[in-house]
Amino acid sequence: MPFVKVYEINGDRAGEMELSDKVFNNPVHMSAIHQVITAHLANCRQGTHNTKTRGDVSGGGKKPWRQKHTGRARQGSTRSPIWTHGGVAHGPHPRDYHQKVNKKVRQLALKSVLSDKVREELAAVVKVFETLGTPSTKTIQALINALGFGKTLIIYNENAKNVTRSVRNLSGAKCINVSSINVYDILNAKNLILTPEVVAKIEEVYSA
């Protein structure tokens, strides 16, 4: 059974928490992680890029010079891609970059990265985290410093407005809801901060 260290909101050690083998004790499946990350980055693309072809550029209606007997190469339009101010050849046009990833592959990748964070002791559980009375960036920064964490991803469950407002101005921290956890954000952060409620939610959803 894997274990994770538990801390108070002020950074004091408060014991350990036992985690589910089905979620937090999986081997790292690199191919699944690669597929999910590639799809995630592709799905973030808007696909609104566009270039004008020779038919979209204004001008160029008249043939520049006659076909023969000028000593120059034949030309049909001044908006050819080889001309200055001409159209673009084989340029990008609007398209959909969306990639579909099977549910089981996404779950496998998520379990892999969560297990790796726990195995490498890069994750911690903080008690009474979501009951932070008022927004306090100083409190969250002091907690991260006390844990010795670097770039941190804080995952909350519900009723955590003060937590999200406290993290908003921290350049080295990000806060997301447990319903929005994804492989990219977990890998992009060096450390994870969870709550007991978040751990219970993750185990409930992904233990099947």
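The values are calculated or read from the model by the stated rules, or taken from the named source; none is laboratory data. Just so you know, these numbers come straight off a predicted model, no measurement behind them. Quick reminder, even Gly has a Cβ in these numbers, built from the backbone with ideal geometry, and neighbours come from all protein chains shown. Heavy atoms of the whole protein, side chains included, go into the accessibility calculation; ligands, DNA and RNA do not. Shrake-Rupley method; radii C 1.70, N 1.55, O 1.52, S 1.80 Å.
This table checks each residue for (1) open to solvent by less than 20 Å² (accessible area, probe 1.4 Å); (2) closer than 30 Å to I193 by Cα; (3) β-branched (V, I, T).
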{"position": "P81", "(1), (2), (3)": "no, no, no"}
{"position": "T84", "(1), (2), (3)": "no, no, yes"}
{"position": "G87", "(1), (2), (3)": "yes, no, no"}
{"position": "A109", "(1), (2), (3)": "yes, yes, no"}
Got a sec? Which of K22, K63, K52 is assigned to a loop (DSSP other than H, G, I, E, B), open to solvent by 80 Å² or more (accessible area, probe 1.4 Å) and of a type in the set (K, R)?
K52
Looking for whichever is touching a residue at least 12 places away in the same chain (Cβ under 8 Å), touching a strand residue (DSSP E or B) at 6+ places or on another chain (Cβ under 8 Å) and among the aliphatic types (A, V, I, L, M) here; the options are V113, V178. Which one fits?
V178
Scope the stretch 34-49; condition of a type in the set (S, T, N, Q) and open to solvent by 90 Å² or more (accessible area, probe 1.4 Å); matching residues
Q46, T48
